[in-house]
Amino acid sequence: MVPVARRILLTDRRRALLGVAGVAVALVMALTLDGVFAGTTRQVSHYIDTSPADVFVSQEGVRTIHMALSVVPVAVVDQIRELPGVAWAEPILFSSDALRVPAGRRPSYVIGFPRGGRGGPQTLVEGREPGTGEMVIDDSAAALDIALGDEVEVMGRTWRVSGLTTGMTSIVNTSVYVTFDDLATVLGWPDTASYILIGSSGDPEAVAASIEAAVLGVSTQTRQRFSAEERSVVKEMSTDLLNIMSLAAFLVGLAVIGLVLYAAVLSRLRDIGVMKALGLGRLGVSRLVLTQALWTVVTALALAVAVTFGIGAIVAALAPDIDVVVEAASLLRAGVGAVLVAGVGVIIPLIKVWRVDPATVFRRTS
Amino acid sequence: MSTTALAARQLDKTFGEGPTEVHAVHGVDLEIQAGEVVLIMGPSGSGKTTLLSMLGAMLRPTSGEIVVDGNNITVIPESRLPKLRATTFGFVFQDFNLLGALTALENVEFAINLGGVTGRHARKRAEELLTRLGLADRLSFRPDQLSGGEKQRVAIARALANQPPVILADEPTANLDSKIGHDIARLLRRIATEDKRAVVMVSHDIRLKDVADRILWLEDGAFRELHTMATDPICGMSVDPKSAPHLQIDGEIVYFCSTACRDEYATAGSNGTSHRPA
């Protein structure tokens, strides 16, 4: 078959390119937003994902760290340590505040962990773990002009920076580590933990279940489940915003593809009349317009994916706090959205070509 | 023995209704044999294009029937008309109407595709047709790279794409110079004779009379007897004495296609110049 649709579309290369670029811009918007969001949710659960704990114990009913307050008596730690399958148990305290430094403010999780115990920074790129009145901050805090030995204000008191960790800063916030006792004093919560980290010597699911059965007033989750819950709560908080942005991208793409195809159809009405006169039926002209639409969006999608990966690489180099992660689900959504845009965008052009009278071929062009 | 390729019986076409009603074609009877070239002439607005559109299954008549190869195409459902047009008719237009995005070869191949043949067979047949019409070295040229005569030959090759029994040509020589126009006219004649196709031409070009087996005069939507027609001495057009502007000179009535030709004739006479048409 002669590839009429493609030939006609590419006759005016500038218009075809503009169409592809327009749809690609809309898709890049959606993909990048999705990528930033996916990166952020991944960063949000970084503490949990990199924790040595297999099971997390929280106050009964509390399923997340973010947007939650969990209070568990420290006394239950010893009780848990006695349970079968429990290799170790460590309490942590958790709060949030803003770091105050001369260069500005930065929202931060504040994690208190036992000196010499687990639950602290997994990687120390510089310095040492915090002692009394000290904290470990993320190395990206360098952007705030903080260095080892500097003083930082958080939770209403001043702390000296003893070490730098990494990977704990997202577009939303960062994390700092202090000792359990210091944070308990600042919070005024003696004998209280926020969460208890559990290392298991057996199946984590079974250990979680046995803790929940043995200790009153607590909930348990494996690391994977706790991480998923954490990402889920962040996603739920941002769903409306994402939907609005996706809708905006969809509408921009729709407008572009609709206009491009409509302009292409308008400029080729006589050709369409000729094709109909020669014997191209309704199905044939529909296929012609749909093929042009699909060509435009598929090319635009490929371009958008490449550009989004490019943006991710540039962002990673320029702003390490922002992680752009293009997930398969996001690509699938963009693909479905693009096809949907093509499907809706062709409606008006289709109606136009259906109405072209083949007898117009007998009208003079000059 | 001659075979009827196309027949129209009591063909009527009315546009609008009530006070805006226009009878574009009425009471047209027509029978064209395979291998015959019929030239339909007539003044502008006489219904030629409407008639051609109906004969080519692009416009449904208000009443009457059109029979092609024994089938009454006026009762065929709308959805089947495109396929019928692709396989039964070949069209040649004044403006050539080639698809500008396609090469000469693709223009013909596309028409063959519409007839249901695809792939190598379609391409080979398109090459053969264009070669037959002397365009073997123009296969990959786009229409804007071809001369007027070459474009019309591509259009004729396209019209022959699916070996239709009927070729409908709308002013096929109007956009061509005299020599090329004559070549195209002879080509259409040859196609009719050699391939036994019926060729219906609608034209103002009196040179096409040379290749036509029959000339029909359409005026006000109906055929008139050509032998009763008069010739405008200025432009050479055939005109109907019943309705044409005229002048009486030395006891003889001279008929014109329009008042403009009549005035020109009268002015030329008063200046002592010749009344003979150029």
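The values are calculated or read from the model by the stated rules, or taken from the named source; none is laboratory data. Just so it is clear, the model here is predicted, and its values are computed rather than measured. Neighbour counts run over all protein chains shown; Cβ positions are idealised from the backbone, glycine included.
For this structure, a couple of remarks:
- Number of residues in segment B:114-125 that are within 9 Å of chain A (Cβ to nearest Cβ) and of a type in the set (A, V, I, L, M) equals 2.
- Filter pass, A:S219 being of a type in the set (G, A, S) and out of contact with any strand residue (DSSP E or B) (no Cβ under 7 Å at 6 or more places or on another chain): no
- Any hit, segment A:206-228, residues being closer than 20 Å to A:Y47 by Cβ, over 31 Å from the mean Cα position of the chain (by Cα) and either not charged (D, E, K, R) or not in a strand (DSSP E or B) (or both): no
- Qualifying residue in segment A:34-41 (condition: of a type in the set (S, T, N, Q), buried (at least 17 other Cβ atoms within 10 Å of the Cβ), within 15 Å of the chain's Cα centre (by Cα) and part of a helix (DSSP H, G or I)): yes
- Test for A:R128: is it basic (K, R) and either within 18 Å of A:S45 (Cβ to Cβ) or within 32 Å of the chain's Cα centre (by Cα) (or both): yes
- Scanning segment A:330-363 for residues that are in contact (Cβ under 8 Å) with a residue 12 or more places away in the chain and among the charged types (D, E, K, R) turns up A:R333, A:K352, A:D357.
- Selection from segment B:221-253 of residues that are in contact with a Pro (Cβ under 6 Å, 6 or more places away or on another chain) and either not small (G, A, S) or not in a loop (DSSP other than H, G, I, E, B) (or both): B:A230, B:P233, B:I234
- Inspection of segment B:12-27 identifies at least one residue that is in contact with a strand residue (DSSP E or B) (Cβ under 9 Å, 6 or more places away or on another chain), of a type outside the set (K, R) and assigned to a loop (DSSP other than H, G, I, E, B).
- All of A:S201, A:S194 fail the test of being loosely packed, with under 14 Cβ neighbours inside 10 Å and in contact with a strand residue (DSSP E or B) (Cβ under 7 Å, 6 or more places away or on another chain), apart from A:S201.
- Index of the failed condition, A:L261 passing every other in (1) more than 16 Å from B:P82 (Cβ to Cβ); (2) aliphatic (A, V, I, L, M); (3) surrounded by fewer than 19 Cβ atoms within 10 Å (Cβ to Cβ): (3)
- Whichever residue in segment A:188-205 is among the acidic types (D, E) and under 33 Å from the mean Cα position of the chain (by Cα) and, among such residues, is farthest from A:M155 (Cα to Cα): A:D203
- Counting only helices (runs of 4 or more DSSP H) that sit wholly inside segment B:116-220, those with at least 1 residues that are modelled with pLDDT of 90 or more, among the hydroxyl-bearing types (S, T, Y) and surrounded by fewer than 19 Cβ atoms within 10 Å (Cβ to Cβ) are B:119-132, B:178-195.
- Complete set of residues in segment B:236-262 that are touching a residue at least 40 places away in the same chain (Cβ under 8 Å) and over 20 Å from the mean Cα position of the chain (by Cα): B:C257
- A:P320 fulfils the conditions (1) away from chain B (no Cβ under 14 Å); (2) assigned to a helix (DSSP H, G or I) except for a single criterion, (2).
- Whichever residue in segment A:323-366 is closer than 30 Å to A:G273 by Cα and assigned to a loop (DSSP other than H, G, I, E, B) and, among such residues, is farthest from the other protein chains (Cβ to nearest Cβ): A:V346
- Subset of segment B:96-113 that is among the aliphatic types (A, V, I, L, M), surrounded by fewer than 24 Cβ atoms within 10 Å (Cβ to Cβ) and facing chain A (nearest Cβ under 7 Å) - its residue that is nearest to B:R125 (Cα to Cα): B:L102
- Test result for A:G61, small (G, A, S) and more than 29 Å from A:L251 (Cβ to Cβ): yes
- The residues of segment B:62-91 that are within 25 Å of B:V22 (Cβ to Cβ), facing chain A (nearest Cβ under 9 Å) and touching a residue at least 60 places away in the same chain (Cβ under 8 Å) amount to a single one, B:F91.
- Residue check for A:G273: away from chain B (no Cβ under 14 Å) and either part of a strand (DSSP E or B) or at negative phi (or both): no
- When A:W295 is tested against (1) without any contact (Cβ under 8 Å) to a residue 24 or more places away in the chain; (2) over 28 Å from B:G90 (Cα atoms); (3) within 14 Å of chain B (Cβ to nearest Cβ), exactly one condition is not met: (1).
- Residues in segment A:229-268 that are assigned to a helix (DSSP H, G or I), more than 21 Å from A:L27 (Cα to Cα) and not hydrophobic (A, V, I, L, M, F, W, C): 6 in all.
- Enumeration of residues in segment B:18-40 that are under 15 Å from B:S53 (Cα atoms) and hydrophobic (A, V, I, L, M, F, W, C): B:A24, B:V25, B:V28, B:L30, B:I40
- Within segment B:90-104, one or more residues are at pLDDT 95 or above, on the phi < 0 side of the Ramachandran plot and part of a helix (DSSP H, G or I).
- If you go through segment A:67-110 and keep only what is out of contact with any Pro (no Cβ under 6 Å at 6 or more places or on another chain) and β-branched (V, I, T), you end up with A:V71, A:V72, A:V76, A:I80, A:V86, A:I92, A:V101, A:V110.
- Matching residues in segment B:156-211 - criterion: being more than 25 Å from B:I73 (Cα to Cα) and of a type in the set (G, A, S): B:A174, B:S178, B:G181, B:A185
- For segment A:316-360, the set of residues classified as touching an Asp or Glu at 6+ places or on another chain (Cβ under 8 Å) and farther than 22 Å from A:V23 by Cα consists of A:A316 only.
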